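Student: Below: one structure in structure tokens.
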Amino acid sequence: MTCVHLLLTLVFAVSLGTPVEIQRPRGVPLTSIQFYVENKPFTCLDGSRTISFDRVNDDYCDCKDGSDEPGTAACPNGSFHCTNAGYRPMFIPSSRINDGICDCCDTTDEYNSGAKCENTCKELGRKEREVLQKMAEITKEGFLLKQHLIEEAKKGQQEKQSKVTDMQGNKKQLDEKVEVLRTVKETAEQPEKEAKERHLKAWEEQKAAIRLEKDKAKMAEAFLELDDNADGFVSVSELQSHAELDADADGTLTETEAQGLMGGAEQVDTSTFESVWPNIKDKYHSEVSREEADMSCLVSSEVPFGQKVFFLEKTVVKLSAQKARDDFEEAEKALREMDDQIRNIEKELSFDFGPDAEFTYLYSQCYELTTGEYIYRLCPFNRVSQKPKYGGSETNLGTWGSWSGPENNKYLLMKYDHGTGCWQGPNRSTTVKLTCGKETVVTSTSEPSRCEYLIEFTTPAVCQEPANTDLSPHDHEEL
Amino acid sequence: MVSLREVCGIIIFRWVPLIVLLCVSARAVDRSNFKTCEQSAFCKRQRELKPGRSPYRALLDTLELSDSRITLQLINDNNKVRLLLELYRLQGNMTRVKINELKPLKPRYEVPDVLISDPITETLSVVSQDENSLVLSLGGKDQRLIVSAQPFRLDIVEGPQVLVSLNSRGLLAFEHLRARKDTSISHKISSTVGSMWDSLKKEEDKPGMWEETFKSHTDSKPNGPSSISLDFSLPGVEHVYGIPEHADTLKLKNTDGSDPYRLYNLDVFQYELHNPMALYGAVPVLISHSTDRTMGIFWLNAAETWVDISSNTAGKMMFGKILDFVQVSSEAPQTDVRWISESGIIDVFIMLGPKPADVFTQYASLTGTQSFPPLTALAYHQCRWNYNDQEDVKSVDQGFDEHDIPYDFIWLDIEHADGKRYFTWDPSKFPQPKEMLQGLMDKRRKLVAIVDPHIRVDNGYKIHNEILSKNFYVKNKDGGDYEGWCWPGNSGYPDFTNPEMRAWWASKFAYEQYEGSMENQYVWNDMNEPSVFNGPEVTMHKDALHGGWEHRDVHNLYGLYVQKATADGLVERSGGVERPFVLTRAFFAGSQRYGAVWTGDNAAEWGHLKISIPMCLSLGLAGISFCGADVGGFFKHPSAELLVRWYQAGAYQPFFRAHAHIDTPRREPWLFGPENTALIREAIRQRYALLPYWYQLFYNAHRTGYPVVRPLWVEYPNDVATFSIEDEYLIGKDLLVHPVTDEGATAVTAYLPGKGEVWYDVHTFQKHDGEQSLYIPVTMSSIPVFQRGGSIICRKDRVRRSSSCMENDPYTLYAALNSQGSAEGELYIDDFHTFNFEKAKQFVHRHLSFSANTLSSRNLAPDSQFSTASWIEKIVIIGGSQPSSATLKNAESALEFEFDSTLAVLTLRKPGVNAAADWTVILR
């Protein structure tokens, strides 16, 4: 109470043009009052020098640490203590003493500036208490919710963990099953494969026979064509009429050349022609090529009898192979799905959801806020996006990066980066600031710097354990 | 702010897709957007004319002599067109030379509103005359003006020395106004009539005389060719300065192999360093300096202007009458200067010095002095394109308090207005501007909101509607309202050359007119070149009309008028009480009367930090002291080191504002880690502590026209070593600053001038001799600043959160003794914001002197009256010896003191006398 008394009874020389005379150690906090003993030499708090007490608060800076002028603006590094009865005591830089601006709610910083300050401590104290109370309530409830979230998360985590373990067990079985089915499938497919091979061979043979027959027909026809005089012999001169058979490509088929083709004979009959035919068939131009074309068309479109047999047989074999194949594919698909599920759960389990996994519940959720122009969408641990309210494409404001709060609590900020690039600028990024709240909501969004977004987000997950729930008013008054 | 910067790409994208390419392609300046001399038809025509015998002849028999002037007719022997030459002797050692057509087809533009009044003339008298010359006396000092008749030239001589010669290289060229001839008729004439017609025809055949196309823009040129040119030779001169604004060296370069320096106010996107391209402002003032003499040439013309500088040797062009007067050494160096303008008349003021201070006085007597800003404008300004909303403004304001960094002004760029409709507020971002302004006022701080001269064409916009109904818009060549593209999209441009329009504009700043404005809100005029995104060279078409005059005639004046009208508005809204503060980007001769300028849209590069020094020094030489560059650089993102160095440099430049492009990351001083925050805080605090000195210098600049920051040669005119120095400068004459402008610098080499002088490091009090280059190791916290021995500087070492908060704080006197053990200085105090210092002589102006161990304060203005609460807190005497006692004579009381014998620094404790009082301290 002594201190209050002194503060109230201070007398100042308030006049223009003279230094302010202060007779009491104004601006000294209760905790340091013992260093300022009236009429006793004062030693600077850094011990650098000792001065007479009338140099304390005499509006001239004597101590390097500013400790001789706690109540004036004389020292560049001084600090002033305001009691702020009814509110919180605080220190302000001594440069704010008598600068015409009311900093201390108890008005004590403006004792010689002419500033008209009103004591607002009671009001501030009341407001602060209200705010604190409200915050305490929120914190309290939020913290309860958080406990719940932690429990849920732990439970969920365990479930997922055991699910993963189960699934990994199942997966092993499934693996084996897949292998078994693969064998079954391959076995079932064996007859099918063999039938296929057998019929392929038969089909090839048949194709060769057809080709031979076709060649023979062609040969017979050629013989008839070449045998101009229809004497049953093809002579050298008759062969010479087919210039395309010219061996040295000089445009004419000489007698010698023709004879050469005919194996030295002057003429050949139908049976000897069989040995001549291979020499000329590649070059030979039929005189009735259209017919030949028709014929070849007929040949190629003909479905051979053997093939039909194969189709029938295949259907029978296939019925058993198909079943094995389906079983195998189904099992393999199930295995793939299980792999995906395991991977997803493992991915989820790998996220840092906070020391007590309290942020787990945010995973795979999205939260939106609609502002004047845009709809902002925050999907924690995934991405942030922005979409114009009245149509237009979505812009990626960043994908999940990391926790990036201060060292003592990195879980207060989330960083999302590598969003859509800005024109001539960086890629968009978003910082999400988390504060304690009962509800999980996006409360505000802003773009403090071009393409750097800030989202304020409340969640019970950051609510701290309330330290002291007793909020009686006297706790906030120093005296 | 810039015009064709990135965002313009976005903005214009919606409206004029064609322009986007221009915008986005430019990382650095797109030179092709701006003309070279070759591409500017008149410059090309004029520059093709080479030095030689002038076709002009003075008709001495037409001489008319009156008390104030002499007139003579000149005739061009090639085309017989007659000109009228007027010669004036002006008070204060100046000569004015005017040349106009004797009988122009229509009047040619003569620049109004730049001269503060009709200059006072002195009598010219004829000393002698013969058939080819006329010798006039220029007053007492043995000065003569010699008019040679054929070829016509003018020489100003003093004793045996030629100071300056005009038309000595025969480059006087005056394109007379003419009717456009039907080419078929003239062809007929020229084929039948004699050689005179031939020469006429030849003149008219030159391209670009009647129409000129640049890129997609055609200049219709209904008045045809009208350009003018004149050469000046400066014997004995090797150093010329001035003609801002260029991002170039302080000392002007020889332009023989390059383009001339161009003066044409342009919005240049990402300007390049070290080239003679035109920038945002133009002051056609060139200062020449040699150990013998300092002179100035003021070419009063507001049209597009080009200035050629070349080196020569004197004597080559000396002949005729002047040989009677002078002895010519052909070896002596000479600088030749040639001015070329597109229209108007030749009206040139030759300021004959002879000392630097004389030239400043002479120029100030013509165009006025620096406006005396309110103290707060000299403090630190925090700007960004843009502070997004009221909440943002509030949190930045709080940020400064949280980090204990002083600042006076926060700035709002174009995004604050509702759809770029200036004089309005965006209703969602700034719903309660008065609440915001009141919040700042409660902290004794201020705000600047931008008001640009382009007006959104929008019939829902009151300002537009009023301008429309009053018919105040600039007109296009066909008489309709001129429209161009700028920030708001389609925009009109008020005709600021019209005094009625300016009066109306000024009235819009009245509190009841400008809704949401308050007395702590000031104004920034950007884009006032004017910037027209889709105009030729990003500006207005030259054939646009301002009443009867073409834009061609008035272009470089437009920005001056915008700032003038705005400043007038701020004065008027306070009932004539408050000094205004208006920042402008475009300027002209005389703009110093209306506020501050900055060097436009620079970049976060070390080169831009370096160039800010010569750029502001050049402006100071040309009368505009209140200059600064965007701290940190406008474009791009500075490294922490560059930002810190820029704060350290900017704290010692007249206008101290940080600014940043909208696409750059935030860079408030506390965003670069605690160490850099501390370095920036310290730099800003040094600025605040020195505010009394800055304020006193601005007061003196306002009274005398002396620049606030000066190249070294201004104070050391005989020391040739100082003539090209541009990496350090003087603040007033007592502080020498050598900012660190190199990345990773571990030392700087500063030149300390003055034989027999001493300089003291202001941070350590270490003493150094003058006339030496000093190697100074530096750390990140170093700002090399030296106080001249022989000076007393007053500081307020109690730095608070804004300059207003420091109003009544005590002063500390720093007396740095010279080798004679003496020092002197000044202290100026007033209310820091009103015109009462001028109107009611309410100020304190003290002379402080220390000699023979006696320090005293004497009243410099006995007829003035002002009472201040400030007192003398401490006196620091640097470079003296230890006394046995110190007595404050007034009170006959002993002062306690401390003496640091290693540095010879004596600190007198708490004299306590009022700063306005007479007092004496005696040391024994």
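Student: Could you point to the residue in B:LEU888, B:ASN859, B:GLY789 farthest towards the positive end of segment B:714-923's charge dipole, with +1 and -1 charges on the Cβ of Lys/Arg and Asp/Glu respectively?
Tutor: B:LEU888
Student: Where does helix B:673-689 land angle-wise versus the long Cα axis of chain B, in degrees 0 to 90, nearest 10?
Tutor: So the inclination is approximately 80 degrees.
Student: Compute the separation of the alpha-carbon centres of segment B:254-280 and segment B:792-817 and state it in Å as a whole number.
Tutor: Each part reduced to its Cα centre gives a spacing of 41 Å.
Student: What does the charge add up to near B:ILE75, with Lys and Arg as +1, Asp and Glu as -1, over the other residues with Cβ less than 11 Å from its Cβ? Intermediate results must be reported in sequence, preceding the final value.
Tutor: Values: positive: B:ARG57, B:LYS80, B:ARG82; negative: B:ASP77.
Result for the neighbourhood of B:ILE75: +2.
Student: Grab the other residues whose beta carbon is less than 14 angstrom from that of B:CYS37, score K and R as +1, D and E as -1, and report the net.
Tutor: Numbers: positive: B:ARG31, B:LYS35, B:LYS44, B:ARG45, B:ARG47, B:ARG262, B:ARG338; negative: B:GLU38, B:GLU48, B:GLU212, B:ASP256, B:ASP259, B:GLU304, B:ASP308, B:GLU342, B:GLU537.
Its environment carries a net charge of -2.
Student: Now for a different question. What is the Cα radius of gyration of segment A:206-251 over 2.2 N^0.38 Å, N being its residue count? Could the numbers behind the result be given before it?
Tutor: Numbers: Rg = 13.5 Å, N = 46, 2.2 N^0.38 = 9.4 Å.
Taking the Cα Rg and dividing by 2.2 N^0.38 Å, one obtains 1.43.
Student: Could you tally the net charge around A:MET219, taking each other residue with its Cβ under 10 Å from the Cβ of A:MET219, Lys/Arg +1 and Asp/Glu -1?
Tutor: Values: positive: A:LYS214, A:LYS216, A:LYS218, A:LYS281; negative: A:ASP215, A:GLU221, A:GLU274.
Taking every other residue near A:MET219 into account, the sum is +1.
Student: How do A:CYS379, A:CYS451 line up, fewest other C-beta atoms within 10 Å first? Walk me through the numbers before you get to the answer.
Tutor: Numbers: A:CYS379 18, A:CYS451 21.
Listed from fewest to most nearby Cβ atoms, that is A:CYS379, A:CYS451.
Student: Here is a follow-up. Treat every Asp and Glu Cβ in chain B as -1 and every Lys and Arg Cβ as +1, leave all other atoms uncharged, and give the resulting dipole magnitude about the Cα centre to the nearest 20 debye.
Tutor: Working: 94 positive and 114 negative charges, 175 e Å.
Dipole of chain B, to the nearest 20 debye: 840 debye.
Student: On to the next question. By the gyration tensor of its Cα atoms, with a ≥ b ≥ c the square roots of the eigenvalues, what is the shape of segment A:360-431: rounded for a/c under 1.5, prolate for a/b over b/c, or oblate?
Tutor: Working: a/c = 2.26, a/b = 1.41, b/c = 1.61.
Oblate shape, in that a/c is at least 1.5 and b/c is the bigger or equal ratio.
Student: Could you tell me how many degrees, from 0 to 90 and to the nearest 10, lie between the Cα long axis of helix B:390-402 and the main elongation axis, the longest principal axis, of the Cα atoms of chain B?
Tutor: Tilt of helix B:390-402: around 50 degrees.
Student: Here's another thing I want to ask about it. Cβ neighbours within 10 Å, averaged per peptide: list B:596-603, A:427-434, B:569-576 in order, most packed at the top.
Tutor: Working: B:596-603: 26.4, A:427-434: 21.0, B:569-576: 16.9.
Going from most to least packed, we get B:596-603, A:427-434, B:569-576.
Student: Ok, one more. From the phi angles alone, apply the Karplus equation (6.51, -1.76, 1.60; θ = phi - 60°) to segment A:79-93 and give each ³J(HN,Hα) in whole Hz, x where the residue is Gly or Pro.
Tutor: After applying 6.51 cos²θ - 1.76 cosθ + 1.60, I find 9, 10, 9, 10, 6, 6, 3, x, 9, 9, x, 7, 9, 10, x Hz.
Student: Mind listing the long-range amide H neighbours of B:GLY789? Cut-off is under 5 Å, sequence gap 5 or more, other chains count too, H placed in the peptide plane at 1.01 Å from N.
Tutor: Those lying under 5 Å, H to H, from B:GLY789 are B:VAL758, B:TRP759, B:TYR760.
Student: Can you give the calculated 222 nm mean residue ellipticity of chain B, where each DSSP H run of n ≥ 4 adds -39,500 (n - 2.57) and the sum is split over every residue, rounded to the nearest 500 deg cm²/dmol?
Tutor: Values: 18 runs with 184 residues, N = 924.
Here the helix-only value at 222 nm equals -6000 deg cm²/dmol.
Student: How much of the pair distance distribution for segment B:714-923 lies past 25 Å, counting alpha-carbon pairs only, in percent?
Tutor: Working: 9829 of 21945 pairs.
Taking all Cα-Cα pairs of segment B:714-923, the fraction more than 25 Å apart is 45 percent.
Student: Using a simple charge model, +1 on the beta-carbon of Lys and Arg, -1 on the beta-carbon of Asp and Glu, nothing else, what dipole does the protein assembly as shown show about its Cα centre, in debye to the nearest 20? Each step should come with its number before you reach the end.
Tutor: Numbers: 150 positive and 200 negative charges, 1123 e Å.
So the magnitude is around 5400 debye.
Student: For B:LYS35, which lysines qualify as cross-link partners when the Cα separation must be under 18 Å and same-chain residues fewer than eight apart are set aside?
Tutor: B:LYS44, B:LYS215, B:LYS221, B:LYS542
Student: I've got another one for you. Using r as the Cβ-Cβ distance of A:LYS347 and A:ASP175, and R0 as 30 Å, what FRET efficiency do you calculate, to the nearest 0.05? Can you show the working numbers first?
Tutor: Numbers: r = 21 Å, r/R0 = 0.70.
In this case the efficiency is close to 0.90.
Student: Still on this model: Kindly put B:SER168, B:SER782 in sequence by how many other C-beta atoms sit within 10 Å of each C-beta, fewest to most. Walk me through the numbers before you get to the answer.
Tutor: Working: B:SER168 27, B:SER782 21.
Ascending number of Cβ neighbours within 10 Å: B:SER782, B:SER168.
Student: Another one. Ordered by packing density, taken as the mean number of other Cβ atoms within 10 Å over each peptide's residues, highest first, how do A:262-270, B:253-261, B:871-879 rank?
Tutor: Details: A:262-270: 15.0, B:253-261: 16.7, B:871-879: 23.6.
For the peptides A:262-270, B:253-261, B:871-879, the packing ranking is B:871-879, B:253-261, A:262-270.
Student: Give me, ordered by chain and number, the residues 5 or more places off B:GLN129 or on other chains with an amide H under 5 Å from its own placed amide H.
Tutor: It is B:VAL135, by chain and number.
Student: Please rank B:TYR695, B:TYR775, fewest neighbouring Cβ atoms within 10 Å first, as an exposure proxy. If you can, show how the numbers build up before the last one.
Tutor: Working: B:TYR695 22, B:TYR775 9.
Fewest-to-most ranking of B:TYR695, B:TYR775: B:TYR775, B:TYR695.
Student: Report, ordered by chain and residue number, the lysines lying within cross-link reach of A:LYS155, taken as a straight Cα distance under 29 Å and ignoring same-chain residues fewer than 8 apart.
Tutor: Straight-line reach from A:LYS155, under 29 Å: A:LYS140, A:LYS146, A:LYS163, A:LYS171, A:LYS172, A:LYS347, A:LYS410, A:LYS415, A:LYS433, A:LYS438.
Student: What is the average number of partner chain Cβ atoms found within 10 Å of a Cβ in B:437-447?
Tutor: For peptide B:437-447, the averaged partner shielding equals 1.
Student: How many percent of DSSP beta bridges within segment B:713-860 run antiparallel, rounded to 5?
Tutor: Working: 36 of 38 bridges.
That works out to approximately 95 percent antiparallel.
Student: For segment A:99-176 and segment B:520-550, what is the centre-to-centre distance using only Cα atoms, to the nearest Å?
Tutor: Here the two parts' Cα centres lie 54 Å apart.
Student: Further, regarding this structure: Calculate I(q)/I(0) for the protein assembly as shown by the Debye formula, one identical point scatterer on each C-alpha and no solvent, and give its log10 at q = 0.04, 0.05, 0.08 Å⁻¹ to two decimals.
Tutor: For the requested q values the scattering log ratios are -0.40, -0.55, -1.05.
Student: What residues qualify as long-range amide H neighbours of A:CYS463, i.e. H under 5 Å apart, gap of 5 or more or another chain, H built at 1.01 Å from N?
Tutor: Distant-sequence amide H within range of A:CYS463: A:GLY437.
Student: Next up: Treating the beta-carbon of each Lys and Arg as +1 and of each Asp and Glu as -1, no other charges, what is the dipole magnitude of segment A:20-118 about its Cα centre, to the nearest 20 debye?
Tutor: Numbers: 9 positive and 16 negative charges, 46 e Å.
Dipole size: approximately 220 debye.
Student: As a test, work out the antiparallel percent of DSSP beta bridges whose residues both lie in chain B, rounded to the nearest 5.
Tutor: Numbers: 160 of 190 bridges.
Around 85 percent antiparallel, to the nearest 5.
Student: Considering only DSSP beta bridges where both residues belong to segment A:360-459, give the percentage that are antiparallel (nearest 5).
Tutor: Numbers: 29 of 37 bridges.
If we restrict to bridges inside segment A:360-459, about 80 percent are antiparallel.
Values in this text are rule-based calculations from the coordinates and carry no lab data. Note that the structure is predicted; figures quoted are calculated from it, not measured. Here the Cβ is made from the backbone with ideal geometry for all residues, glycine too, and neighbour counts use every protein chain on show.
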